[in-house]
Amino acid sequence: MSGPALLLLGMALTGEAVAGSALLAGLTGAAAVGGPLVGALLDRSARPGRLLAWALCAYAAGLVALALAVGRVPLPLAVGAAAAVGLLGPALSGGWTAQLPRAVPSAPRGRVDAWDAMTFGAASLLGPALAGAVAVLAGAGAALACAAALIALAVPAALALPGAPAARPAGRVLPRLWEGVRAVLAPGALRWATAVSALSVAGTGMLVVCAPLLGMRLMGGAEQGALLLAGMAVCSLAANLVMARRPGAVSPDALLRVCVAVQAAGTAGAAWAASASCTPALVAAVALVGAAEGPQLAALFAIRHREAPEPLRARVFTTGASLKISAFAAGAPPAGPLAQSSVPACLVAAALLHAVAALAPRR
């Protein structure tokens with residue numbers, strides 16, 4: 001919810017998509033730096049849940065500060081503050097998933113990955129809808145404050161996570177940062193899956209930036225455009241429910257490639273619907289993107305669990321998450337001015353990113 005709420009706040013206070021996309025890029029772009037650091041701290045912690053709880057509290061407090069600052073301080077300063085908050089972004093994603101093997105040690109791995117992806121994907125897609133609804137009722141600042149409150153509510157769950165089975169190796173943190181980066185970027189399945197998902201999520205970031213403008217032009221308001229993404233959540237949930245019932249029916253590597261190709265087709269369909277001003281076709285295209293988004297995430301989690309060395313598990317997940325978040329951020333800044341000029345052109349560019357990801361060779 002936090003990213004779309006910040007996007008809406010920037011647009012509401014300036015009337016331009018460029019300011020909103022800059023704030024969103026600041027919040028998400030810093031994850032490339034924060035991910036390895038968060039992962040290294042989690043891997044050496046005997047109580048990773050306690051560390052996650054602190055990260056959640058700091059992130060929530062940062063969102064409240066942003067809600068108060070945007071519009072009252074110069075935009076570059078607000079973007080810098082968003083980047084500082086975004087350093088902890090990977091704690092909200094990969095930091096949790098890395099704890100699953102200890103939280104549910106006896107559950108079937110494929111089913112756990114599907115449920116993890118389903119809940120995470122549904123939350124990340126319902127978040128924009130909730131941001132839009134709160135923004136309609138109480139303003140974009142209230143939407144960002146609501147996101148902070150929801151993150152704070154997760155603190156007890158973090159504190160309840162099991163501890164590490166044995167004491168972790170001490171020592172300096174900085175030398176350990178690159179171990180996770182090397183594991184992710186070494187030739188093999190981890191690097192391929194990370195590259196595919198990063199390219200794909202950059203296209204998704206462009207679609208998210210387009211959503212408020214689609215709402216303004218086809219649905220009566222920017223907030224209604226954020227609600228459009230709720231359809232993605234419903235389809236993502238349905239697809240992952242099917243996967244949870246039949247774990248392992250398709251290899252995660254093949255599933256990842258197929259899902260990204262479907263997202264390319266759905267985003268291209270959204271571009272056509274935007275140019276034709278056809279709202280039903282737009283809803284159907286976005287629903288197709290959502291149906292592929294959930295299984296794609298489950299496949300990515302499965303590959304990471306399969307390939308990550310146990311001592312580096314948290315670093316692999318947070319580094320991978322940070323690269324995905326940063327790729328999302330990379331798609332946001334060019335999407336702002338491009339969508340302001342032509343929403344269909346922006347969606348075509350997003351579809352091309354998905355298509356390049358689907359065709360990426362596995363090395």
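Remark: the chain carries a charge dipole of roughly 1040 debye about the Cα centre, counting +1 on each Lys and Arg Cβ and -1 on each Asp and Glu Cβ. Let me have the relative contact order for segment 1-163, percent, based on Cα pairs under 8 Å that are six or more residues apart. That works out to 41 percent. Extending 7 Å from the Cα toward the beta-carbon at both C278 and A254 defines two label points whose distance is 3.2 nm.
Could you tell me which of rounded, prolate or oblate describes the chain, using a ≥ b ≥ c as the square roots of the eigenvalues of the alpha-carbon gyration tensor, with rounded for a/c under 1.5 and, failing that, prolate when a/b is larger than b/c and oblate otherwise? Intermediate values should be presented prior to the final figure.
Values: a/c = 1.72, a/b = 1.25, b/c = 1.38.
Because a/c hits 1.5 or more and a/b fails to exceed b/c, the chain counts as oblate.
Along the charge dipole of the chain, pointing to its positive end and built from +1/-1 on Cβ of Lys, Arg, Asp and Glu, which listed residue (G266, L88, M11) has its Cα farthest out? In the chain, that residue is L88. Using the Cβ-Cβ distance between A160 and Q340 with R0 set to 51 Å, the FRET efficiency from 1/(1 + (r/R0)^6) comes to roughly 0.70.
Computed from label points 7 Å out along Cα-Cβ, the spacing between T14 and R217 is 2.0 nm. Label-to-label distance for R246 and A58 is 4.4 nm, based on points extended 7 Å past Cα in the beta-carbon direction. Considering only L214, L312, L68, the mean-square fluctuation computed in a Gaussian network model of the chain, springs between alpha carbons under 10 angstrom, is largest for L68. Of all the options M11, M118, M219, the one that moves most in a Gaussian network model of the chain with Cα springs shorter than 10 angstrom is M219. Counting only Cβ charges, +1 for Lys and Arg and -1 for Asp and Glu, the dipole size of segment 186-311 around its Cα centre is about 180 debye. Show me, for segment 207-213, the HN-Hα J-couplings you get by feeding each phi into the Karplus relation (A = 6.51, B = -1.76, C = 1.60, θ = phi - 60°), rounded to Hz, glycine and proline as x. Per residue, the Karplus-derived 3J(HN,Hα) values read 5, 5, 5, 6, 4, x, 5 Hz.
No value in this document is a laboratory result; all are computed from the given coordinates. The model shown is predicted, which means the values in this text are computed figures rather than measured ones. Don't worry about glycine lacking a Cβ; one is built from the backbone with ideal geometry, like all the others, and counts go over all protein chains shown.
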